[in-house]
Amino acid sequence: VKDLVSSLPCIPDLLTHMIEELNYFKNSVLSEEYNLQDEVSYWATEHAENLDFVNCELPQLIKEEGSYTWPRFLYRVFEDNKKLSSKFKEVAYNNQAGFLAGLGKVFGLGKDANVDPKDLANFMRLKEKHINGIDNLISHIPDLPLSPDTMKDLYEMLNHERNEAIFAFDRINTYDV
């Protein structure tokens, strides 16, 4: 499937993202192999990718609908998404388990599975900003130069991300911190 859509903007990254979601479900939900650090790293990456996808796909949708101009508020949305994505990527990087953490689990060496409390608090603040940003964009869907069908698709995509963000919040809160 990735080969079939490789020339389309945004879509190959979306497929990779969906595969990551499947792996998360298998490794965290079904196998319960994730610790808090894994969860924070995964969800920070997840949210960054969703923000990047909106910044990639929404201009494409507007262009496909025949408009080459954006409402003024959309420039701010894209800039906020870019900044928030960057901050999520930083949290993800700070909490990557990686090879040394794997050794730490086996031999008591390297990085452990703890998340710095300041990093966790920062992550939760970023999640709140993310949900507020989604709500803001959802409220402005009628102001976009899109057909009703495309507006409906955009709403479903954003609502999906909102539900994921709430799931992630609930998931993080299942850990003793």
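The values are calculated or read from the model by the stated rules, or taken from the named source; none is laboratory data. All values reported here derive from a predicted model rather than from experimental measurement. Because the Cβ atoms are built from the backbone with ideal geometry, glycine has one as well, and the counts that use them run over all protein chains shown. Side chains are part of the model used for accessible areas, which takes the heavy atoms of the whole protein and leaves out ligands, DNA and RNA. Shrake-Rupley method; radii C 1.70, N 1.55, O 1.52, S 1.80 Å.
Summary of computed values
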item	result
Among (1) modelled with pLDDT under 90; (2) closer than 21 Å to residue 138 by Cα; (3) surrounded by 14 or more Cβ atoms within 10 Å (Cβ to Cβ) - the single one residue 69 does not satisfy	(3)
In the range 10-56, residue least open to solvent (accessible area, probe 1.4 Å) [restricted to those that are within 30 Å of residue 75 (Cα to Cα) and of a type in the set (Phe, Trp, Tyr)]	43
